[in-house]
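Here the structure is laid out as structure tokens; the discussion comes afterwards.
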Amino acid sequence: MKRPIVELRDIHKNFDGEQALDDLSLDIAEGEFFSLLGPSGCGKTTLLRTIAGFEQPERGTLTLDGKPMEGVQANRRPTNMVFQSYAIFPHLDVARNVGFGLRRSRLSASEKSNAVEEALQMVGLGGFGKRAAHALSGGQRQRVALARALILKPRVLLLDEPMSALDRKLRETMQDELRRLQRQVGITFILVTHDQEEALIMSDRIAVMFDGRIAQVAAPGELYLRPASRRVAQFIGMMSFLPARLRGREIEVDGFGRTDVSERQAPGGLKDGPAEVGIRPEMMSLLSEPPSQGQRAASGRVSEVTYYGDMSYYAVMLDGTDRTVTVSMKNLPGGVTAERGEAVTVSWDPGSLMIF
Ligand code: ATP
């Protein structure tokens with residue numbers, strides 16, 4: 001990892017006796033696009049506000065850019081925050097909004113207006129300075145809020161669910177733009193989101209949080225393919241779980257029978273006895289013909305079909321079990337499909353299952 005710009009060590013924070021951050025340690029590298037991802041109430045915003053200096057932890061240390069932050073006020077930290085609601089001032093024009101943080105700086109008026117124009121250009125709003133802020137669209141408002149944060153040249157930009165108020169199409173556009181902007185300016189971005197897809201699309205690395213603790217820190221691909229626990233696996237992407245029994249390196253899975261597994265498929269290690277296996281929808285497929293000898297497959301009945309344009313998801317209740325697995329299939333011309341209620345065979349790739 002590159003030099004860490006944010007170092008959190010053993011951070012504890014509680015509100016009225018309730019633990020919001022519990023012994024949390026984390027390093028974030030310079031220039032990273034880093035996301036804090038987790039369900040509502042897991043402590044993401046509290047962690048972001050602790051880095052910003054809006055919350056003081058009861059215990060633990062925070063170092064920013066090599067300097068301890070104890071007793072350092074929010075406005076003296078090398079950070080800046082973009083809020084969920086994009087608090088921009090509707091009665092000021094765009095230039096005044098963007099230049100707001102410079103009002104007490106020693107720059108001359110022309111230096112300030114150059115800095116404003118430069119920040120506006122960075123976010124694709126060059127020449128918008130004279131526009132009234134209240135007349136902007138949601139996407140433009142977001143850009144103004146970003147320009148206002150970037151003009152102060154923070155080393156770390158903190159973003160608290162900045163896209164949650166936008167509709168889906170605009171959110172996708174802004175996700176692209178934010179990613180591009182981060183690459184262009186090279187500043188460390190820390191994004192709080194509860195949207196796993198958003199985190200996977202945008203981040204260099206993601207910290208998954210539950211109950212004030214970090215469950216796993218990894219790059220998106222690793223998080224998806226090698227989740228550290230069942231809870232992470234369930235939170236990131238879709239996964240079906242089946243009861244199983246493990247003996248040595250052989251596992252017997254309800255519906256699918258026996259198969260050999262390896263150590264790397266079991267984040268908690270291979271221990272004899274009852275276990276649970278997890279498998280992603282794309283690691284299974286519906287077969288158009290009965291399984292050939294030696295092919296791993298289970299029979300079942302389709303209980304639900306969900307159409308997603310390029311893909312369809314099939315919920316299949318496995319024969320002789322009370323379990324349903326979700327199988328995804330690409331919708332190709334002449335490809336295999338099935339109707340609700342149809343008897344089907346599901347094959348799987350045993351090498352890709354996870355054991356918890
Ligand atoms: P969300 O996605 O819903 O914003 P979050 O993961 O950002 O959730 P936090 O806002 O950090 O979670 O909250 C973590 C816990 O701390 C929650 O139980 C919350 O109720 C509590 N909490 C946060 N801020 C305060 C506060 N100012 N006073 C009391 N409790 C708080």
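Descriptive notes on the structure:
- Some residue of segment 86-106 being surrounded by 14 or more Cβ atoms within 10 Å (Cβ to Cβ), β-branched (V, I, T), within 16 Å of the ligand (Cβ to nearest atom) and in the same structural domain as R143 (by the TED database): no
- Hits in segment 304-327 (condition: touching a helix residue (DSSP H, G or I) at 6+ places or on another chain (Cβ under 9 Å) and either among the polar types (S, T, N, Q) or crowded, with 17+ Cβ neighbours inside 10 Å (or both)): Y314, V325, T326, V327
- Checked against the criterion of being touching a helix residue (DSSP H, G or I) at 6+ places or on another chain (Cβ under 9 Å), in a helix (DSSP H, G or I), among the β-branched types (V, I, T) and more than 16 Å from the ligand (Cβ to nearest atom), segment 195-208 contains one or more residues that satisfy it.
- Residues being surrounded by 18 or more Cβ atoms within 10 Å (Cβ to Cβ) and within 15 Å of the ligand (Cβ to nearest atom) - total across segment 26-50: 14
- Those residues of segment 1-24 which are surrounded by fewer than 14 Cβ atoms within 10 Å (Cβ to Cβ) and assigned to a strand (DSSP E or B), in sequence order: D10, F15, E18
- Applying the criterion of being within 10 Å of the ligand (Cβ to nearest atom) and at negative phi to the residues of segment 1-25, the residue that is modelled with the lowest pLDDT is E18.
- Every residue from segment 148-170 that is within 16 Å of the ligand (Cβ to nearest atom) and either free of Cβ contacts under 8 Å to residues at least 24 places away in the same chain or exposed (fewer than 15 other Cβ atoms within 10 Å of the Cβ) (or both): S164, A165
- Tallying residues that are free of Cβ contacts under 8 Å to residues at least 40 places away in the same chain and either outside any loop (DSSP other than H, G, I, E, B) or of a type in the set (K, R) (or both) within segment 76-128 yields 20.
- Scanning segment 39-51 for residues that are in contact with a strand residue (DSSP E or B) (Cβ under 6 Å, 6 or more places away or on another chain) and on the phi > 0 side of the Ramachandran plot returns a single hit, G43.
The values are calculated or read from the model by the stated rules, or taken from the named source; none is laboratory data. Fair warning: this is a prediction, and the values are worked out from it, not measured in the lab. Cβ atoms come from the backbone with ideal geometry, glycine included; neighbour counts cover every protein chain shown.
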